[in-house]
Amino acid sequence: MPKLGPDILSNEFTVEGGVARLAAYGRENPDAEIAVVLLNQRVLAGLGNVYKSEVAFAAGVNPFRAMRTITTREMEVMVDVSQRYMKANVADGSSSLGGGEGIVTYSGNRRTTHSSNREERLWVYGRQGQECRRCGATVMMRKQGLQARSTYWCPECQPWVGMGETVAPLGRVSLVRRGKIGC
Ligand SMILES: [Zn+2]
């Protein structure tokens, strides 16, 4: 039985601890893709497949980037957002794992009445081919990792940052525009 990582929803969980955990895993697995790592319950316990895409979007991090390209600051934002999204959804009475039926990360103009349509409550998950809520670019989807889980992202808000030989994923063929996160 593999040991689980620290539970994001536990009272003992801290952003610092979560970042240390991600950084340690990244040092041992520099080529691992960040969104696959976010789903790895042995690194951090709690994030499901919907959160994975939503957290990477919120942090402006391309989900296919290798761990060795992820900065400490980006890890801090991702861990902080993970904790906030999960706590907010627990407070709403939604389940933290599972199919993400009740997860809300985007409330638009509706703060209190959440839409029953899941795709209207999320930034990118399930929104392939639709306009990004932030910049209007087309949201992409690709199967990722050994388990081929669906990953959704905005190629403009989450620019590709490669190193050396790394090849950009589909949807990101132009050069990286550094310093433009959160368009
Ligand atoms: Zn965008």
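Values quoted throughout were computed directly from the atomic coordinates according to the rules given, and no laboratory measurement underlies them. The structure displayed is predicted, hence computed values, not measured ones. Cβ coordinates were reconstructed from backbone atoms using ideal geometry, including for glycine residues, and neighbour counts include every protein chain displayed.
Relative to the current alpha-carbon distance between Ser107 and Arg149, full extension at 0.36 nm per residue lengthens the span by 12.6 nm. Neighbouring Cβ atoms within 10 Å as the yardstick, rank Phe57, Phe13 fewest first. Ordered by Cβ neighbours within 10 Å, fewest first: Phe13, Phe57. One decimal place: the segment Lys87-Thr138 gains 15.5 nm when fully extended, by the rule 0.36 nm per residue minus the C-alpha distance.
First check a/c for segment 7-68, with a ≥ b ≥ c the square roots of the eigenvalues of its C-alpha gyration tensor; if it is under 1.5, answer rounded, and if not, answer prolate when a/b is larger than b/c or oblate otherwise. Oblate shape, in that a/c is at least 1.5 and b/c is the bigger or equal ratio.
Taking amide hydrogens as placed 1.01 Å from N in the peptide plane, the amide H of Trp123 sits under 5 Å from those of Thr105, Tyr106, each at least 5 positions away in sequence or on another chain. The phi-based Karplus calculation (6.51 cos²θ - 1.76 cosθ + 1.60; θ = phi - 60°) puts the 3J(HN,Hα) values of segment 40-50 at 6, 5, 7, 8, 10, 9, x, 6, x, 5, 5 Hz, whole numbers, x for Gly and Pro.
Between Ala23 and Gln128, the modelled labels are 3.6 nm apart [label points 7 Å from Cα along Cα→Cβ]. Rounded to whole numbers, the Karplus 3J(HN,Hα) couplings from phi for segment 142-149 are 8, 6, 9, x, 4, 8, 6, 7 Hz, using 6.51 cos²θ - 1.76 cosθ + 1.60 with θ = phi - 60°, and x at Gly and Pro.
Summarising the amide proton neighbourhood of Asp7: residues at separation of 5 or more, or on other chains, whose placed amide H is nearer than 5 Å comprise Ala45.
Residues whose amide H comes within less than 5 Å of that of Thr138, counting only those at least five positions distant or on another chain, are Cys132 (H built at 1.01 Å from N in the peptide plane). Treating r as the C-beta distance of Leu9 and Arg68 and R0 as 25 Å, the FRET efficiency rounds to 0.30. Residue by residue through segment 32-38, which ³J(HN,Hα) values in whole Hz follow from phi under the Karplus form 6.51 cos²θ - 1.76 cosθ + 1.60 (θ = phi - 60°), with glycine and proline marked x? Going residue by residue, I get 5, 7, 4, 5, 5, 5, 4 Hz, with x marking Gly and Pro.
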